[in-house]
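**Student:** First, the structure itself, so that you have it in front of you.
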Amino acid sequence: MTNAPIETGHIEQRRILVTAIPGPRSQLLQERKLSAVSAGVGTGLPVYVERAGGGILVDVDGNHLIDLGSGIAVTTVGNAAPRVVSAVQSQVEDFTHTCFMVTPYEKYVEVCERLNALTPGDGEKRSALFNSGAEAVENAIKVARVFTGRTAVVAFEHAYHGRTNLTMALTAKNMPYKQGFGPFASEIYRVPMAYPYRWPTGADHCADEAFEEFVSLVHTQVGEQNAAAVIIEPIQGEGGFIVPPAGYLKRIADWCTQHGILFIADEIQCGFCRTGDWFACDHEGVVPDLITTGKGIAGGLPLAAVTGRAEVMDSVHGGGLGGTYGGNPVACAAALAAIETMQTEDLCGRAREIEALFLPRLRGLAERFDVIGDVRGRGAMLAIELVAGGGDKAPNPTLTAAVNAYCHSQGVVTLTAGTFGNVLRFLPPLSAGDDLLNEGLDIVGQAFVAST
Ligand code: PLZ
């Protein structure tokens, strides 16, 4: 058997293809989708899912697909994870909604207590709950502006923080996130990201030079005294799983502290065991002033949070933060069950095992195929960057799309990422067993044979 740490219900943990992908029923549903759903809402792989668990998605045609995406880093504890299912069922029977701002309930408070304890830093903390990652980011900025009395926010190249107006402004990439949707929120300033693989003078110079450019740009173009916050994904997600050099985040955070600027870590994609620790900041010994979480927090139910130092979070006037659904009781019940699952099943450890399984195999592939320019990531957040090859680092989005499409056709759900669309990323559920993951990687290897 495999190392799958979690019970996977009745779904056979095996890739089974009974039709072409997508199958006929999925194709019919896709036709309905096209005439019912806005064309603005895309679908990466139009296979319609009926059930899911462990590391498998079962589609409406009966195909079992290997899930290497977790619905973009959400089903970290697995899909329909047993503890989450029973917590949700019993909460739904008790009550579904009161609005925490009207008549509160214990589970919201309990989720905040868990977040305050689990996030980096030992000091007194407070949290607030929201529905989506973008909403959490918006609120982190609101808090930072009130606390500092300043307005400017510094964000990085390749950043992704959401699709609402303020978070579109924070997000770096134009297509598809921003094109035509402006004007964007003001007082957002962008600085280069420490991106070792593409640093112009080489990876060895990246940490120092990126830090110097950051300091100089904030000084000359923003003015430290105007900056409320610097927001960064400790490992960038949509931008291409960019891992900054060791020590870089700490330097930025310390510099922010010196200047009274809040350091906001957006851990919506990289948090909650994904990188082999509770939060990506933990690897670097960085304690952010504010941290945004979402995705993996609640086993698939919509929940997100802002957590931070008590004095910062409590600086906001009563009633200044909230929303009808934020911290919905069903989502909170799911979060408590997901967190318990992560702790009991040591899912941080499982993420490290997945890294140990993936990295040697991805590096092996990179040796065979020189179009793989870089292998990077941490825990169960791993990626390969595809380039022209033969020493030419020109991004290769065409090949990336071909490899991705081949994996899909063989029943392996992979995702792409990257500002240049040339990154293939792996975000398996931590409930997927080794056999499945190895099979998924076999298909990725075959995809390179077929596409190059
Ligand atoms: N911050 C770091 O990764 C969401 C977006 C997919 P929401 N990433 C997946 C897409 O194309 O919309 C994300 C993230 C980081 C914020 C967000 C936003 O989270 O829950 O999608 O609002």
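**Student:** Select from region 419-452 the residues that are buried (at least 24 other Cβ atoms within 10 Å of the Cβ) and of a type in the set (Gly, Ala, Ser) and list them in ascending order.
**Tutor:** Result: Ser431, Ala432, Gly440, Ala447.
**Student:** Restricting the first residue to region 280-303 and requiring it to be among the acidic types (Asp, Glu), which pairs with a second residue that is open to solvent by less than 10 Å² (accessible area, probe 1.4 Å) and within 12 Å of the ligand (Cβ to nearest atom) meet a Cβ separation below 8 Å and a spacing of at least six or different chains?
**Tutor:** Listed by first residue and then by second, the contacts come to Glu284/Pro234; Asp289/Ile264.
**Student:** Right, here's the next one. Considering each residue of region 227-242, count those that are among the hydrophobic types (A, V, I, L, M, F, W, C) and within 14 Å of the ligand (Cβ to nearest atom), and give that number. Explain how you work it out, then say what you get.
**Tutor:** Within region 227-242, the subset among the hydrophobic types (A, V, I, L, M, F, W, C) is 227-232, 235, 241-242.
Right, trim to within 14 Å of the ligand (Cβ to nearest atom) and you get 231-232, 235, 241-242.
Within region 227-242, residues that are among the hydrophobic types (A, V, I, L, M, F, W, C) and within 14 Å of the ligand (Cβ to nearest atom) number 5.
**Student:** Being under 30 Å from Gln446 (Cα atoms) and of a type outside the set (A, V, I, L, M) narrows it down to one residue among Gly271, Gly379; which is it? Show your work before the answer.
**Tutor:** Values: Gly271 fails: under 30 Å from Gln446 (Cα atoms).
Going through Gly271, Gly379 in turn, the sole match is Gly379.
**Student:** Something else now. For Thr96, all conditions in the list (1) surrounded by fewer than 13 Cβ atoms within 10 Å (Cβ to Cβ); (2) free of Cβ contacts under 8 Å to residues at least 12 places away in the same chain hold save one; what is the number of the exception?
**Tutor:** (2)
**Student:** I've got another one for you. Looking only at region 116-142, count how many residues are part of a helix (DSSP H, G or I), within 16 Å of the ligand (Cβ to nearest atom) and not basic (Lys, Arg).
**Tutor:** Summing the residues that are part of a helix (DSSP H, G or I), within 16 Å of the ligand (Cβ to nearest atom) and not basic (Lys, Arg) in region 116-142 gives 9.
**Student:** So, Ala394, is that one in a helix (DSSP H, G or I), farther than 30 Å from Gln27 by Cβ and modelled with pLDDT of 95 or more or not?
**Tutor:** For Ala394, the condition - in a helix (DSSP H, G or I), farther than 30 Å from Gln27 by Cβ and modelled with pLDDT of 95 or more - is not met.
**Student:** Another question, then. Looking for something among the acidic types (Asp, Glu), touching a residue at least 40 places away in the same chain (Cβ under 8 Å), open to solvent by 20 Å² or more (accessible area, probe 1.4 Å) and within 16 Å of the ligand (Cβ to nearest atom) - is there at least one such residue anywhere in region 151-163?
**Tutor:** The answer is yes, given that some residue of region 151-163 is among the acidic types (Asp, Glu), touching a residue at least 40 places away in the same chain (Cβ under 8 Å), open to solvent by 20 Å² or more (accessible area, probe 1.4 Å) and within 16 Å of the ligand (Cβ to nearest atom).
**Student:** Restricting to region 124-138, name every residue that is open to solvent by less than 10 Å² (accessible area, probe 1.4 Å) and either more than 24 Å from Ala87 (Cβ to Cβ) or without any contact (Cβ under 8 Å) to a residue 40 or more places away in the chain (or both).
**Tutor:** Once the filter is applied, which keeps residues that are open to solvent by less than 10 Å² (accessible area, probe 1.4 Å) and either more than 24 Å from Ala87 (Cβ to Cβ) or without any contact (Cβ under 8 Å) to a residue 40 or more places away in the chain (or both), region 124-138 yields only Val137.
**Student:** For region 404-418, state whether one or more residues are surrounded by fewer than 24 Cβ atoms within 10 Å (Cβ to Cβ), at pLDDT 95 or above and within 19 Å of Glu355 (Cβ to Cβ).
**Tutor:** yes
**Student:** OK, next. Residues in region 254-267: is at least one among the acidic types (Asp, Glu), out of contact with any helix residue (DSSP H, G or I) (no Cβ under 9 Å at 6 or more places or on another chain) and closer than 24 Å to Val218 by Cα?
**Tutor:** Yes, region 254-267 contains a residue that is among the acidic types (Asp, Glu), out of contact with any helix residue (DSSP H, G or I) (no Cβ under 9 Å at 6 or more places or on another chain) and closer than 24 Å to Val218 by Cα.
**Student:** Hey, another quick one. Take the conditions aliphatic (A, V, I, L, M), open to solvent by less than 20 Å² (accessible area, probe 1.4 Å) and in contact with a strand residue (DSSP E or B) (Cβ under 6 Å, 6 or more places away or on another chain) and apply them to Leu386. Does it pass?
**Tutor:** Spelling it out, it is not the case that Leu386 is aliphatic (A, V, I, L, M), open to solvent by less than 20 Å² (accessible area, probe 1.4 Å) and in contact with a strand residue (DSSP E or B) (Cβ under 6 Å, 6 or more places away or on another chain).
**Student:** For Thr103, state whether it is in a loop (DSSP other than H, G, I, E, B), over 24 Å from the mean Cα position of the chain (by Cα) and surrounded by fewer than 16 Cβ atoms within 10 Å (Cβ to Cβ). Spell out the reasoning first.
**Tutor:** On the way: in a loop (DSSP other than H, G, I, E, B): yes; over 24 Å from the mean Cα position of the chain (by Cα): yes; surrounded by fewer than 16 Cβ atoms within 10 Å (Cβ to Cβ): yes.
So Thr103 fits the description; yes.
**Student:** Let me ask something else about it. Is it the case, given these coordinates, that Pro183 is open to solvent by 50 Å² or more (accessible area, probe 1.4 Å) and within 13 Å of the ligand (Cβ to nearest atom)? Please lay out each step first, then the result.
**Tutor:** Details: open to solvent by 50 Å² or more (accessible area, probe 1.4 Å): yes; within 13 Å of the ligand (Cβ to nearest atom): no.
No; evaluated as a whole, the condition is false for this residue.
**Student:** Looking at region 213-221, can you tell me whether even one residue there is open to solvent by less than 10 Å² (accessible area, probe 1.4 Å) and closer than 19 Å to Asn139 by Cβ?
**Tutor:** No, the conditions are met nowhere in region 213-221.
**Student:** Next question. Here is a list of conditions, (1) surrounded by fewer than 24 Cβ atoms within 10 Å (Cβ to Cβ); (2) within 23 Å of Leu34 (Cβ to Cβ), and Leu65 meets all of them except one; can you say which number that is?
**Tutor:** So Leu65 meets the others, but not (1).
**Student:** Can you tell me which residues in region 111-123 are touching a residue at least 60 places away in the same chain (Cβ under 8 Å) and either farther than 26 Å from Val287 by Cα or open to solvent by 60 Å² or more (accessible area, probe 1.4 Å) (or both)?
**Tutor:** Across region 111-123, the qualifying residue is only Arg114.
**Student:** Moving on to the next point. Would you point out which residue out of Ala80, Ala73, Ala52 is crowded, with 21+ Cβ neighbours inside 10 Å, of a type outside the set (Val, Ile, Thr), at positive phi and at pLDDT 95 or above?
**Tutor:** Being crowded, with 21+ Cβ neighbours inside 10 Å, of a type outside the set (Val, Ile, Thr), at positive phi and at pLDDT 95 or above holds for just one of Ala80, Ala73, Ala52, which is Ala73.
The values are calculated or read from the model by the stated rules, or taken from the named source; none is laboratory data. Bear in mind the structure is a predicted one, so any value in this text is a computation, not a measurement. In this analysis, Cβ positions are derived from the backbone assuming ideal geometry, glycine residues included, and neighbour counts consider all displayed protein chains. Each accessible area value is taken on the protein alone, full model and side chains, heavy atoms only, with ligands, DNA and RNA left out. Shrake-Rupley method; radii C 1.70, N 1.55, O 1.52, S 1.80 Å.
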